[in-house]
1. When the residues of segment 171-196 are filtered to those that are acidic (Asp, Glu) and surrounded by fewer than 19 Cβ atoms within 10 Å (Cβ to Cβ), which remaining residue is nearest to LEU250 (Cα to Cα)?
2. Look through segment 80-94, keep the residues that are more than 16 Å from SER55 (Cα to Cα) and either of a type in the set (Asp, Glu) or part of a helix (DSSP H, G or I) (or both), and return whichever of them is most open to solvent (accessible area, probe 1.4 Å).
3. Return the residues of segment 143-163 that are touching a helix residue (DSSP H, G or I) at 6+ places or on another chain (Cβ under 7 Å) and either closer than 20 Å to TYR213 by Cβ or at pLDDT 85 or above (or both); say none if nothing qualifies.
4. How many of the residues making up segment 85-101 are within 20 Å of the chain's Cα centre (by Cα), among the β-branched types (Val, Ile, Thr) and at pLDDT 95 or above?
5. Only one of these conditions is not met by ASN140: (1) polar (S, T, N, Q); (2) open to solvent by 30 Å² or more (accessible area, probe 1.4 Å); (3) over 19 Å from GLU76 (Cβ atoms). Which number is it?
6. Against the conditions (1) touching a strand residue (DSSP E or B) at 6+ places or on another chain (Cβ under 8 Å); (2) assigned to a loop (DSSP other than H, G, I, E, B); (3) open to solvent by 60 Å² or more (accessible area, probe 1.4 Å), where does SER237 fall short? Just the number, please.
7. Which members of segment 197-223 meet the condition of being open to solvent by 30 Å² or more (accessible area, probe 1.4 Å), in contact with a helix residue (DSSP H, G or I) (Cβ under 9 Å, 6 or more places away or on another chain) and not in a strand (DSSP E or B)?
8. What pairs can you find where one residue is in segment 216-229 and in contact (Cβ under 8 Å) with a residue 60 or more places away in the chain, the other is outside any loop (DSSP other than H, G, I, E, B) and of a type in the set (S, T, N, Q), and their Cβ atoms are less than 6 Å apart, with a gap of 6+ or different chains?
Amino acid sequence: VAPQCTGSSGSNAEYGKQWYQRRVRGPSHRPFPALQASAMTVIFLALTVGLALASEFTSYTPATPTVVLERSHSAEIYVNPDDVPDGTDRLMIQAMEISDLTGNEWEAGYTFAYNSELPTFYYPELNEASYHKFRVKYGNGDGWTGYSSATSYSHAISTRYIVERIARNWAMAKDFCLQLGHRLAVISSSHENELVEELMQEHGIETAWIGLYDTHYGDDNPNTTWTWVDSTPYKFSNFEKGASDSASTLDTSVVAVNEVGEWETHSPDEKMSFICEKGRAEVSSETEAKESMRERDFSH
């Protein structure tokens with residue numbers, strides 16, 4: 001029974017409120033301490049698990065994607081759905097242009113929405129004259145994974161090299177390629193040399209001109225200075241054993257590749273098949289040696 005109190009109505013109301021709080025609601029109307037602690041624990045655990053999952057995702061390293069096919073200006077890239085972490089909603093694919101004189105840098109790449117039912121992606125705007133590598137990373141609301149390792153070299157070979165069977169001397173072969181908007185083949189690595197070798201064997205050709213020549217064949221310098229027709233730095237070579245590749249003479253001033261991938265020195269007057277390559281145009285400025293070689297009488 002609530003105690004009775006005499007006095008003003010205001011005093012009675014205040015006294016009744018205080019009695020109710022002490023007897024009915026208890027000394028405090030804050031949540032129970034144990035319940036409050038439990039809620040904080042749940043929130044802490046949820047945050048911890050979320051951070052752990054996010055850290056696990058961003059530290060993940062994807063498997064290397066598969067280049068299904070490279071066309072003249074695009075590539076078909078396959079990503080194995082079993083490799084993609086749960087929660088992935090996007091991915092980025094980057095390409096590296098191997099024959100790029102700027103230093104083989106990764107492009108900015110393209111971001112694609114991810115759907116496990118559609119694991120094939122098409123990378124656009126590739127340079128048809130170059131080899132490429134590709135890599136991939138996955139993303140979601142927590143960020144991005146690391147990048148995968150790069151794929152092996154890829155190229156639309158049928159669009160890079162053209163074998164011309166009609167025998168021409170070196171200068172005529174060079175000019176013929178230019179008329180097509182191409183150049184005599186430039187070989188800058190063992191990988192490219194292997195591709196040319198395979199192409200030679202496929203077409204049954206024993207020797208064919210490539211775009212390497214000696215700039216000093218017509219002057220008084222006794223030593224060779226091997227130069228590619230497009231001024232690509234001369235760093236790789238594969239001359240056959242015993243080839244005359246150091247003494248500068250007219251009879252050994254230009255280079256052909258044989259069916260086993262070895263390079264031979266020849267006179268530019270000889271006539272043989274040749275390989276054109278889609279690539280950068282030759283430099284417009286020419287040395288006197290190149291002018292001299294162009295203007296020689298090769299009609300015989």
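1. ASP175
2. Kept after step one, since they are more than 16 Å from SER55 (Cα to Cα), are these residues of segment 80-94: 80-83, 89-94.
When the remaining residues are screened for being either of a type in the set (Asp, Glu) or part of a helix (DSSP H, G or I) (or both), the result is 81-83, 89.
Numbers: PRO81: 43, ASP82: 143, ASP83: 26, ASP89: 69 Å².
It comes out as ASP82.
3. First pass over segment 143-163, keeping only residues touching a helix residue (DSSP H, G or I) at 6+ places or on another chain (Cβ under 7 Å): 143-145, 153, 157, 161, 163.
Once the filter is applied, which keeps residues that are touching a helix residue (DSSP H, G or I) at 6+ places or on another chain (Cβ under 7 Å) and either closer than 20 Å to TYR213 by Cβ or at pLDDT 85 or above (or both), segment 143-163 yields GLY143, TRP144, THR145, TYR161, VAL163.
4. Kept after step one, since they are within 20 Å of the chain's Cα centre (by Cα), are these residues of segment 85-101: 90-101.
Restricting the remaining residues to those that are among the β-branched types (Val, Ile, Thr) gives 93, 98.
Now narrow it down to the ones that are at pLDDT 95 or above: 93.
Residues meeting the conditions: 1.
5. If we test ASN140 against (1) polar (S, T, N, Q); (2) open to solvent by 30 Å² or more (accessible area, probe 1.4 Å); (3) over 19 Å from GLU76 (Cβ atoms), just (2) comes out false.
6. (3)
7. Kept after step one, since they are open to solvent by 30 Å² or more (accessible area, probe 1.4 Å), are these residues of segment 197-223: 197-198, 201-204, 206-207, 216, 218-223.
Those left that are additionally in contact with a helix residue (DSSP H, G or I) (Cβ under 9 Å, 6 or more places away or on another chain): 198, 206-207, 216, 218-219.
Those that are open to solvent by 30 Å² or more (accessible area, probe 1.4 Å), in contact with a helix residue (DSSP H, G or I) (Cβ under 9 Å, 6 or more places away or on another chain) and not in a strand (DSSP E or B): GLU198, GLU206, HIS216, GLY218, ASP219.
8. As it stands, the answer is GLY218/SER292, since those pairs meet every condition given.
The values are calculated or read from the model by the stated rules, or taken from the named source; none is laboratory data. Bear in mind the structure is a predicted one, so any value in this text is a computation, not a measurement. Using ideal geometry, Cβ is built from the backbone for each residue, glycine included, and neighbour counts are taken over all protein chains shown. Just the protein is used for accessible areas: all its heavy atoms, side chains included, with ligands, DNA and RNA removed. Shrake-Rupley method; radii C 1.70, N 1.55, O 1.52, S 1.80 Å.
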